[in-house]
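The values are calculated or read from the model by the stated rules, or taken from the named source; none is laboratory data. Since the model is a prediction, treat every value here as computed from it, not as a measurement. Cβ sites come from the backbone with ideal geometry, for glycine too, and all protein chains shown count toward neighbours. These area figures cover heavy atoms from the full protein model, side chains too; ligands, DNA and RNA do not enter into them. Shrake-Rupley method; radii C 1.70, N 1.55, O 1.52, S 1.80 Å.
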Amino acid sequence: QVQLVESGGGLVQAGGSLRLSCAASGPTFSSRAMGWFRQPPGKEREFVAGISRSGGSTEYADSVKGRFTISRDNAENTVTVYLQMNSLEPEETAVYYCAAHFAPYMGYDVLPGTGQTLYHYWGQGTQVTVSS
């Protein structure tokens, strides 16, 4: 059974940090590139960060470069993906989603891409609220 479960969201003051986790289980998840997205209130969901199957390649939205770090721990049939968020800003208040790329077994360092349609499996989201 495929399952993605995010955790680690909460309330933080501007300038603070949070670490989100995504536990993804299923037969091929450790072999998929993964990504984080977010949806601010009243806005479209947007790409935040992506990581290759191996963890060796990462990409970020321009707005979070230098402040956010995506990483992953692979195990048989499971993967945990992290998003370390530093220097958070109030406009980053959003529901944060973890997602798995539609294609398993891509090249080890191939990035998943920024488009939402590239991702087939999604978690339920975790709320991050940044107070000013």
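Quick notes on this structure:
- Computed 3J(HN,Hα) for the range 109-124, one whole-Hz value per residue from the Karplus formula 6.51 cos²θ - 1.76 cosθ + 1.60 where θ = phi - 60°, is 10, 7, 6, x, x, 9, x, 5, 5, 7, 10, 9, 10, 10, x, 7, glycine and proline marked x.
- Remark: accessible surface ordering of E91, E6, E44 (largest first) is E44, E91, E6, probe radius 1.4 Å.
- Mean sequence separation of contacting Cα pairs (under 8 Å, at least six apart), scaled by the length of the chain, corresponds to a relative contact order of 36 percent.
- Accessible surface ranking for D109, D62, 1.4 angstrom probe, highest first: D62, D109.
- Prolate/oblate/rounded call for the chain, Cα gyration tensor, a/c under 1.5 rounded: prolate
- Between the range 88-132 and the range 42-75, the Cα center-to-center distance that results, in Å: 7
- The accessible-area ordering, largest first, of the residues T129, T117, T93 stands as T117, T129, T93, per a 1.4 angstrom probe.
- Taking amide H as placed 1.01 Å from N in the peptide plane, the amide H of A33 sits under 5 Å from that of R53, H101, M106, each at least 5 places away or on another chain.
- Residues in the range 20-37 reached by a label modelled at E76 [backbone nitrogen below 19 Å; 7 Å Cα→Cβ]: 24-32
- Residue-level accessible surface for S87, protein heavy atoms, 1.4 Å, Å²: 60
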